[in-house]
Amino acid sequence: MTSPVLNVSNLVKRFPTGRSGVFVNAVNGVDLSIAPGETLGMVGESGSGKSTIGRAVLRLTEPTEGKITFDSRDITAIPERQMRPLRRDMQMVFQDPWSALNPRMRIGDLIAEPMKLHLDLSKSERENKTIDLANRVHLRPEFLRRHSADLSGGQLQRVCIARAIATNPKLIVLDEPTSSLDLSVRAEILDLLTEIREQTSAAMLFISHDLGTVKLISDRIVVLYLGSVVESARTEELFRNPAHPYSQSLLSAHLPADPNAKLSRHILKGEVPSPINLPSGCTFRTRCPVAKDFCEREVPKPHQIGTSGHEANCLRIPDGGNRITPSEVA
Amino acid sequence: MSLLEVENLRTHFISRDIDNQIRVAQALNDVSFTLEAGKVLGFVGETGAGKSLTAQSICGLLRPPARIVGGSVFFDGQDLREMPEDDLNAIRGDQIAMVVQNPRTSLDPLTRIGDQLARIHQTHSGGPISTSRERALEMMEAVGIPDPTNRAKSWPHELSGGMAQRVLIAMALMNNPKLLIADEPTTGLDVTVQAQILDLLKGLTERFGMAMIVITHDLGIVAHYSDEIAVMFAGTIVEAGPVVDVFNNPQHPYTQSLIASTPEKLQIGGSAKLGGQPPDLYNLPSGCPLRTRCSFAQEICATPPPRRQINDTHYSVCHFSGKSPANGSAS
């Protein structure tokens, strides 16, 4: 097996709150691995730590603990000077394209910027490549002379994607790249990302709260809750056979855009607890419909399910009590 | 008589440009619909299609340069457009309530939430404040806020997004409205919380016969929580009808592309998607506003499209509704 592009082990990130000894526990011991060319979807609700993980693997946020290996190299603690050349191989696309682009630069210069920083190209080579990139993201060449204020959200997100692929990176982190876009525009961007995935060998970490979107684009999905991975499986496997009670309720809360689809729902009570005071034992136990006494004391470890690499962190899996019974709703 | 009857509502943004020439953005163009008590109507459409503007026009909440230039809004037999501001104030917040998209900026940051809730009740009831306070606690309980007595003393900044949204819903329901307008009531909330709030609202329409307008981007919400759907494009309703009819048999090319763009139906690399930009409201194309983006457009589309009934309750505004070539291509 080829070595992964990215390997994260026991990643922990705590943010100080301003009061001494009190921390926001954003990420609590996350293990991840992405193979070359693979698209890993990361889903979770707000506060589950998905964006923090996405930023930490690129060292845009300094991890508190843990080890990050990129392309077989430990990058956890190397200084920014040595980090710079590596950034060529790791790119990011953000949620909000309006604030991700400098409004005073022309679109052409924005697309050329990463090449200017990372690649040794002549001016004309760079210009040719800019036009080529614009073509690849289906942006008409006349846009290259305009500014970001002249473009729509969908077009700006294409510019961001063009920037991200300009240096042929090995890993692209996409943090909610379609959440701020209208439905039809979202569909176009997903199309484009699929195309790019086929053209390049770049691995992708696709962060989203929307299960429908993640399902379309990911090979494998990890589900996060309160800064911990609760389940990890191949996409079809997760949707067919979610093992963790949280994944099950997350899938059941999803509303398919089809009035004929029968919903079998289990709606969780309450809200996500504060990451400042994490519940002891299993962090999901306060909302879990099948929690037992021991869930308060023991921290769940990953359980293998089958042979396809499906893992879930639930203490009720050994006794078979991890299934929640959904109530039928028309 | 229906609870809400909106007919040919037209709202324009009228302003002057840098050369002092009058510019008119035709934001709403002949919007007509009716809503019966106890029913839920879902409005969908892309950004700028006029969903929120329709709600604001109904409630008389427009600010210049937006102005209603034509049409009528009848609520419970009363003409809201002709009504003096004081009478309108007596209805808003009482018989017609609104839940807006951003809960955090809609609460008064300097007033405890219990007082904000009691205030809206007392303003309309004129009764003793103690009655209003009791009512506030009841409603907080009803929308699923735990420990209402203590929570009533919270400040808005102490609430999570889901809690703030619940407070806003409680506030809208304080006076038992006949009509609730919910503008993106769950956008920005987590899916598990979204489900709780939608179930709550749906339950209220069933229990109290309240009518509801839900404005959303999410076709999943409309599919499962609405009785009827109105699809908006460039300030007009291009297709409307019972949810099941419209989803099973979408007739307008825009509706078809919208349904084809949902994650469930989306074919990666497929051709059913609608490209292009929303039309320029300052300079709408003649005839059908979709024709510059519609793959079925023909010469006839430069003339205004007719409203065609597909059945008694389902209609579509397209030259080709109910017949080829546009018919049924997304299925």
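The values are calculated or read from the model by the stated rules, or taken from the named source; none is laboratory data. Quantities reported herein were computed from a predicted structural model and do not represent experimental measurements. Neighbour counts run over all protein chains shown; Cβ positions are idealised from the backbone, glycine included. Only protein heavy atoms, including side chains, enter the accessible area calculation; ligands, DNA and RNA are left aside. Shrake-Rupley method; radii C 1.70, N 1.55, O 1.52, S 1.80 Å.
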* What number of residues in region A:165-192 are open to solvent by less than 10 Å² (accessible area, probe 1.4 Å) and assigned to a strand (DSSP E or B)? -> 4
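Count, please, the residues in region B:104-149 that happen to be within 14 Å of chain A (Cβ to nearest Cβ) and in contact (Cβ under 8 Å) with a residue 12 or more places away in the chain.
Of the residues in that region, 4 qualify.
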* Structure fact -> Selection over region B:26-49 where residues are under 17 Å from B:Thr236 (Cα atoms), of a type in the set (Gly, Ala, Ser) and open to solvent by 10 Å² or more (accessible area, probe 1.4 Å) yields a count of 2
* Output yes when any residue across region B:168-175 is within 12 Å of chain A (Cβ to nearest Cβ), of a type in the set (Gly, Ala, Ser) and part of a helix (DSSP H, G or I), and no when none is. => no
* Has region B:79-88 got any residue that is touching a Phe, Trp or Tyr at 6+ places or on another chain (Cβ under 8 Å), assigned to a helix (DSSP H, G or I), in the same structural domain as B:Asp199 (by TED's automatic domain parsing) and of a type outside the set (Asp, Glu)? -> no
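Step by step: first the residues of region A:206-231, then only those that are among the polar types (S, T, N, Q) and farther than 17 Å from A:Thr283 by Cα, then the one that is nearest to the chain's Cα centre (by Cα). Which residue is that?
Only one residue tops the list, namely A:Ser208.
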* **Qualifying residues in region A:229-251 (those that are in contact with a Ser or Thr (Cβ under 6 Å, 6 or more places away or on another chain) and not acidic (Asp, Glu)) - the one nearest to the other protein chains (Cβ to nearest Cβ)** => A:Thr235
* To do: Output yes when any residue across region A:312-330 is at pLDDT 90 or above and in contact with a Cys (Cβ under 7 Å, 6 or more places away or on another chain), and no when none is.
  => yes
* Condition test on A:Glu237, is it outside any loop (DSSP other than H, G, I, E, B) and out of contact with any Asp or Glu (no Cβ under 9 Å at 6 or more places or on another chain)? -> yes
* Kindly check whether there is at least one residue in region A:145-158 that is within 14 Å of another protein chain (Cβ to nearest Cβ), more than 28 Å from A:Leu6 (Cβ to Cβ), open to solvent by 20 Å² or more (accessible area, probe 1.4 Å) and at pLDDT 90 or above. => yes
* To do: Output the number of the condition that A:Ser201 fails; it satisfies all remaining conditions of (1) of a type outside the set (Val, Ile, Thr); (2) within 14 Å of chain B (Cβ to nearest Cβ); (3) surrounded by fewer than 20 Cβ atoms within 10 Å (Cβ to Cβ).
  => (2)
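This table checks each residue for (1) buried (at least 24 other Cβ atoms within 10 Å of the Cβ); (2) at pLDDT 90 or above.
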position	(1), (2)
B:Leu180	no, yes
B:Glu184	no, no
B:Ala230	yes, yes
B:Ala234	yes, yes
B:Thr262	no, no
* Output the residues belonging to region B:272-331 that are at pLDDT 90 or above, surrounded by 14 or more Cβ atoms within 10 Å (Cβ to Cβ) and of a type in the set (S, T, N, Q). => B:Ser316
* Members of region B:4-17 found to be open to solvent by 20 Å² or more (accessible area, probe 1.4 Å) and touching a Leu at 6+ places or on another chain (Cβ under 6 Å), listed by number -> B:Arg10
* **Residue under evaluation A:Asp258, criteria (1) closer than 23 Å to B:Ser257 by Cα; (2) of a type in the set (D, E, K, R); (3) within 19 Å of the chain's Cα centre (by Cα), criterion not met** => (3)
* Structure fact -> Scanning region A:30-54 for residues that are touching an Asp or Glu at 6+ places or on another chain (Cβ under 8 Å) and farther than 20 Å from A:Leu250 by Cα gives A:Glu38, A:Thr39, A:Gly54
* **Subset of region A:204-234 [in a strand (DSSP E or B) and surrounded by fewer than 20 Cβ atoms within 10 Å (Cβ to Cβ)]** => A:Arg234
* Among the candidates A:Lys269, A:Lys292, single out the residue that is at pLDDT below 90 and either within 10 Å of chain B (Cβ to nearest Cβ) or open to solvent by 20 Å² or more (accessible area, probe 1.4 Å) (or both). => A:Lys269
* Structure fact -> Checked region A:14-26 for anything part of a strand (DSSP E or B) and free of Cβ contacts under 8 Å to residues at least 60 places away in the same chain; matches are A:Arg14, A:Phe15, A:Pro16
* To do: Kindly indicate whether any position in region B:38-50 is assigned to a helix (DSSP H, G or I) and out of contact with any Leu (no Cβ under 8 Å at 6 or more places or on another chain).
  => no
